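The values are calculated or read from the model by the stated rules, or taken from the named source; none is laboratory data. Everything numeric here is computed off the predicted structure, so don't read it as measured data. Here the Cβ is made from the backbone with ideal geometry for all residues, glycine too, and neighbour counts use every protein chain on show. The area values use the complete protein model at the heavy-atom level, side chains included, leaving out ligands, DNA and RNA. Shrake-Rupley method; radii C 1.70, N 1.55, O 1.52, S 1.80 Å.
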Amino acid sequence: MLSFLAPVGYAPPATKGSNWAVLIAGSGGYGNYRHHADVCHAYQIMINGGIPAKNIIVLADDNVANDPGNPFPGKLFNKPTFNKSGVDIYDGCVLDYRGTDVTPDTFVSVLTGDASALQGVGTGRVLESGAKDKVFVNFVDHGGPDIIGFPHTTMHSAELIGALKTMHTKGMYKELFFYL
């Protein structure tokens with residue numbers, strides 16, 4: 001058996017980490033169209049940027065594209081396009097959690113990688129990121145002092161901070177970007 005003695009100061013090449021994303025529309029109803037459109041647009045950007053679909057987790061009430069008030073049933077558009085057809089960003093946007101599954105508890109379980117808490121809920125997918133990975137969280141919704149909104153309830157800042165601390169303790173990222 002050959003052994004290798006590394007010279008002083010030698011460090012093996014770093015293994016490149018993966019990119020992960022959690023995208024959430026924290027609201028519901030046609031009046032919050034932009035939140036759902038922003039999440040699906042972010043999903044399309046992530047996919048087109050090379051992040052594998054298996055590394056993107058999406059939560060949305062999913063009651064906007066097919067709302068009776070939507071003049072384009074089953075479609076969502078993120079930006080105006082003049083003199084040409086817009087791009088339907090709902091097409092191909094894969095939702096892991098929808099409707100009553102979009103809760104603070106689900107969000108915390110997704111962020112902290114707690115798959116056991118999500119058995120039988122949505123797809124059950126959670127972040128499986130590690131210490132070399134980059135994680136992007138895009139939370140699109142209304143908020144207020146110490147709260148962020150969900151379709152049927154709110155989340156207190158202490159719950160969110162607790163989830164972020166758990167992610168850090170578990171070594172779930174090298175870099176974390178949280179866009180609210």
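Some observations on this one:
- Using the 1.4 Å probe convention, the accessible area of segment 97-137 works out to 44 Å² per residue with neighbouring protein chains retained.
- Dividing the Cα radius of gyration of segment 118-162 by 2.2 N^0.38 Å, with N the residue count, gives 1.43.
- Averaged over residues, the count of other Cβ atoms within 10 Å places the peptides 21-34, 166-179, 131-144 in the sequence 21-34, 131-144, 166-179, highest first.
- Cα centroid of segment 122-177 to Cα centroid of segment 83-105, whole Å: 19 Å
- Pairs exceeding a 24 Å alpha-carbon distance, out of K79/K174; K75/K134; K16/K54; K16/K79; K134/K170; K79/K134: K79/K174; K75/K134; K16/K79; K79/K134.
- Once divided by 2.2 N^0.38 Å, the Cα radius of gyration of segment 35-95 becomes 1.14.
- Computed from Cα atoms alone, the Kirkwood hydrodynamic radius reported for the chain is 17.6 Å.
- Taking a sphere under 10 Å around the Cβ of K132 and counting the other residues whose Cβ falls inside, with K and R at +1 and D and E at -1, yields a net charge of +1.
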